[in-house]
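One structure is given below, encoded as structure tokens.
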Amino acid sequence: MQRAAVLVRRGCCPRSPGPWGRSQSSAAAEASAVLKVRPERSPRERILTLESMNPQVKAVEYAVRGPIVLKAGEIELELQRGIKKPFTEVIRANIGDAQAMGQQPITFLRQVMALCTYPNLLDSPGFPEDAKKRAQRILQACGGNSLGSYSASQGVNCIREDVAAYITRRDGGVPADPDNIYLTTGASDGISTILKILVSGGGKSRTGVLIPIPQYPLYSAVISELDAIQVNYYLDEENCWALNVNELRRAVREAKDNCDPKVLCIINPGNPTGQVQSRKCIEDVIHFAWEEKLFLLADEVYQDNVYSPDCRFHSFKKVLYEMGPEYSSNVELASFHSTSKGYMGECGYRGGYMEVINLHPEIKGQLVKLLSVRLCPPVSGQAAMDIVVNPPVPGEESFEQFIREKESVLGNLAKKAKLTEDLFNQVPGIHCNPLQGAMYAFPRIFIPAKAVEAAQAHKMAPDMFYCMKLLEETGICVVPGSGFGQREGTYHFRMTILPPVEKLKTVLQKVKDFHIKFLQKYA
């Protein structure tokens, strides 16, 4: 015992016999000797590499969060470490994230969401009664009266009913069936889901999907992922980005040589271009889809964002029904809306819906089956969507504040749209079409031949080179037009108009100063 105590004090312990009578230290020595004589193994090859991965995923590109945004993140880290730059902050004007740009949430929406999330607040006198009623209705339709439960794959029934009622009101009484409503994880989820069902065939019978150029890069990304055929139709920049049916005819005619054009995507109001399609244009598009047997996808997430007094939002659903039963009973249409845009700016809730009409009954079953694989969209996002389609009405306690906040957001956006258009058009070498709607400017920029050569030396598209220089010299992050598509030989960038007015003025002035210096440097 005394010897053991001494050993413990010295930081060691007596050798104890191992399971076969040998000491632990001798067994360890033998194991070590065996390992030394074994040849070293080379590291096992990875199962997943760039060569072995799904090539369709590798082909996916998404410019809105692409290389320019990665560079912006690097610069932000350098600023945090105290590295000196010609600016003090990076202004992320690359994405339509309203609240990240300082837009305040709509009070009523956040009140109902707070009550849904923490129902104990329903007893609080600090919340208006109309907000409590909305929250109670949503919670009663949820399993266990909780947002934390799964919903039906198609979405909470009462929320789908509210969406249908909203569409009916919006479209002046055109009926909407809750059974045709599918709640989604933002509009993007609905768009990618319906495209999954639409894409089929191989070789020259592979599905062709017509998308506008410029387009929102979600479309090209999903088309790449599904290995479908992208069919470009060009918007008319000289005519305020209008959609010309003759251009659709050209695109379909040429595409038929190598695919089966089956889907026509429309973004209205436009992203990134900001145009609002006229009713006549929508009629022409619907007639063309009927004539060519095309499935219509109408991306209408900016339907509340119309600023030009000469423009008005017309839903494809409403115009389709007004064209008569020959169209309304035959043209297949999926339309999309979201909580992320409009006056709400609730991007993070990922709430949205898709209405699909004239879908074959058997395909309806297949669509629900596909949706059931992901169980259900976030129930909190579904609740946010409900508040968007079922806001306070005249006579309710929250109505006046709601209308005041809504009109303030949309009024400010209209001012910023006009400000952006006017200031860009004062800069030599920049031309900006009227921003009729949505949340972006897509100005055309002149890039001198020497700058094009410099871009080629850096293995960059000329407008990527321009935008990278703009970021490095001013801290302003915008997205090159090549990420959205543009006619060959033209260059653009997309910039959101969401920053507060004073910051937006600063951004526009910095772009102006940079552009003038850029032209002088590469003249």
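The values are calculated or read from the model by the stated rules, or taken from the named source; none is laboratory data. Treat the numbers as computed from the prediction; the structure is a model and nothing was measured. No Cβ is skipped: glycine too gets one built from the backbone with ideal geometry, and neighbour counts run over all protein chains shown. Accessible surface areas use protein heavy atoms only, side chains included; no ligands, DNA or RNA. Shrake-Rupley method; radii C 1.70, N 1.55, O 1.52, S 1.80 Å.
Of note:
- Over the stretch 447-523, Cα pairs under 8 Å with separation of 6+ residues give a relative contact order of 32 percent.
- Helical runs (DSSP H, four residues minimum) scored at -39500 (n - 2.57) apiece and divided by the length of the chain put the mean residue ellipticity at 222 nm at -13500 deg cm²/dmol.
- In this calculation the C-beta distance from Q99 to Q401 is compared with R0 = 25 Å, giving a FRET efficiency of 0.85.
- Relative contact order (percent, whole number), the chain, Cα cutoff 8 Å, 6+ residue spacing: 19
- The convex hull of the Cα atoms of the chain, projected and averaged over all directions, covers 38.7 nm².
- Å² per residue, accessible surface of the stretch 483-523 at 1.4 Å: 47
- Base-10 log of normalised Debye intensity for the stretch 72-208 (one unit scatterer per alpha-carbon) at q = 0.12, 0.20, 0.22 Å⁻¹: -0.81, -1.23, -1.34
- The alpha carbon radius of gyration of the stretch 259-349, expressed as a multiple of 2.2 N^0.38 Å, is 1.13.
- Surface exposure of the stretch 145-283, expressed per residue as accessible area with a 1.4 Å probe, stands at 36 Å².
- Mean sequence separation of contacting Cα pairs (under 8 Å, at least six apart), scaled by the length of the stretch 305-429, corresponds to a relative contact order of 24 percent.
- Rounded percent of accessible protein surface that carbon and sulfur make up, the chain, 1.4 Å probe: 52
- Protection proxy ranking of 124-132, 410-418 - average other beta-carbon atoms within 10 Å, highest first: 410-418, 124-132
- Helix 129-140 vs. the chain, principal-axis angle (Cα, 0 to 90°, nearest 10): 60
- Inter-part distance where the stretch 95-142 and the stretch 393-421 are each reduced to a Cα centre, Å: 18
- Principal axis dimensions, the stretch 461-523 - Cα atoms, whole angstrom, descending: 35, 27, 16
- Cβ-based net charge around H431, under 11 Å, with every Lys or Arg adding one and every Asp or Glu removing one: -2
- Put simply, when 260-272, 284-296 are sorted by average Cβ atoms within 10 angstrom per residue, most first, you get 260-272, 284-296.
- For the stretch 433-484: rounded, prolate or oblate by the Cα gyration tensor [a/c cutoff 1.5]: prolate
- Cα gyration tensor category, rounded, prolate or oblate, for the stretch 223-302 with a/c compared to 1.5: prolate
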